1. Write down Rg/Rh for segment 40-161, rounded to two decimals, with Rg from the C-alpha atoms and Rh from the Kirkwood relation over Cα pairs.
2. So if R0 is 56 Å, what FRET efficiency would Val148 and Glu69 give, r being the distance between their Cβ atoms, rounded to the nearest 0.05?
3. So for the pair Trp124, Asp93, with labels modelled 7 Å out along Cα→Cβ, what separation do we get in nm?
4. Kindly state, to the nearest 0.05, the FRET efficiency for Ala345 paired with Asp84, given R0 = 56 Å and r defined as their beta-carbon distance.
5. Lys205: which lysines have alpha carbons under 26 Å from its alpha carbon, excluding same-chain residues fewer than 8 sequence positions away?
6. Run the simple label-point estimate for Leu218 and Ile76 please: 7 Å along Cα→C-beta, distance reported in nm.
7. Work out how much length Arg359 to Asn6 would gain on full extension: take 0.36 nm times their residue separation and subtract the Cα-Cα distance, in nm to one decimal.
8. Compare Thr297, Thr140, Thr157 in a GNM of the chain, Cα atoms joined below 10 Å, and give the one with the largest fluctuation.
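Taken together, the values in this text are just the output of simple stated rules run on the coordinates, not laboratory data. On a predicted model such as this, the values are computed, not experimentally measured, just so you know. A quick note on method: Cβ atoms are made from the backbone with ideal geometry, for glycine too, and the neighbour counts reach across all protein chains shown.
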Amino acid sequence: MSKNSNVGLVLALLLAGSMWFYVQHILIGHQQADAALHGTPRGNLSDLYPRWLGARELLLHHRDPYSPEVTREIQIGYYGRQLDPTRPSDPRDQQGFAYPVYVVFLLAPTITMPFPVVQTGFRWLIVALTAASVLLWLRTLRWQPSSVTKAVLIVMTLGSFQALQGIKLQQLSLLVGGLIAGCALLLAEGYLALAGILLASATIKPQLVLPLAAWLLLWTFSDWRRRQNLMWGFVSTMGGLFAGAEYILPGWIGRFREAITAYRQYNDGAGSVLDVLITPEWGRVLAGLIVVALAVTGWKFRRASIDSQVFNLMLGLVLATTVVIVPKAAPYNQILLLPASLIVARHWQTLWQKNLISRLLLLVCGLLIFWPWLAATALTIASLGLPSDIVQKAWAWPVWTSLAIPLAVLVLLMSGFPEFTGTSIDNRSPSSPDRTGP
């Protein structure tokens, strides 16, 4: 290992450690103090718990997981007591079972275990899966950095606020991110049917997968003879999931739709990144324009072969766009920015050498992306000499740029599109063969 590599790894460990300290001792400390002050309930606060309890009640006791009765039981575990609408300090989020019912198949092996055991096991699972996702995307992108660089990328990913929030909450978004990374690698290796199976499995959070599924289905139909196995793997798995879900809970689709409607009503303050950064009205307009631009780009490059830079860039572009337009601006969803971030990290010198505007853009976006680590490090250092209640007053510093990060990554990816690909797809033969097997 070179001296610079050692320095980079040590710096990554320091930044990740500072972020961990910030989340564990400053952010959570502030939330606990604020909850005690206002009487806000705090139970296990695990986003896995509503899904796990719903799966247990459905599979063991044949109860409707979408029912108000199960929702009240979920609240008792999640918040520590049932929510009281007459208390202004109580959360608005009812923590209902707002997932497709087939998520219970994923959780079925755990329903007879005590939840603390499930909680601990799932936490370590998503830690391992998030770390593995970095390696999966590196192989998908055909980037083979040194072992130290890989270690730096894994440490920075696990030490990001987005990943730490997902790990602390046991958020299924990190599981979905791992499934998508596995799907991408299977595509890159030519295992199209298996890729379709993983893509369908990832639809337990459909809002995170539908744009990617739409692009991949367009890509499939553009060369049906060579790519149809992806479609058959996806459709057959989705058919099995829907049929199995209908068997264990007839009419579940209508119940799921009602749960989503209720979720939007009691989360009326939530919205996409664009909705929060500007306004819901203009956010929807801009989101629509971004989707149209993505659709035009996807149509243009629909014939890209699996092993082309263009195909990988489209994967990163679709996932980055998903984070920007998905109707919930939760940082943990930004795990889907991983492929786009790796593409930018790999080619940052290309952007830097492009022109002055590109360098300025790289500096501004880089500051937005790295600000959470810098602020967390500053607060960690401040904690060495200041009382915790003083430091906790600055709890919001590291999350100041969290909403801007998806846009920063998307802008950098789009600005370097011609340079990242190296050659225009228009110069490739439309019938360029894909690898359909290992």
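1. Numbers: Rg = 18.5 Å, Rh = 16.7 Å.
My calculation puts Rg/Rh at 1.11.
2. Numbers: r = 54 Å, r/R0 = 0.96.
Working from the Cβ atoms, E equals 0.55.
3. Distance between label points: 2.6 nm.
4. Working: r = 48 Å, r/R0 = 0.85.
Working from the Cβ atoms, E equals 0.75.
5. Straight-distance partners of Lys205: Lys168, Lys328.
6. The two pseudo-label positions are separated by 4.9 nm.
7. Values: separation 353, 0.36 × 353 = 127.08 nm, distance 2.68 nm.
Separation in residues times 0.36 nm, less the Cα-Cα distance, equals 124.4 nm.
8. Thr297
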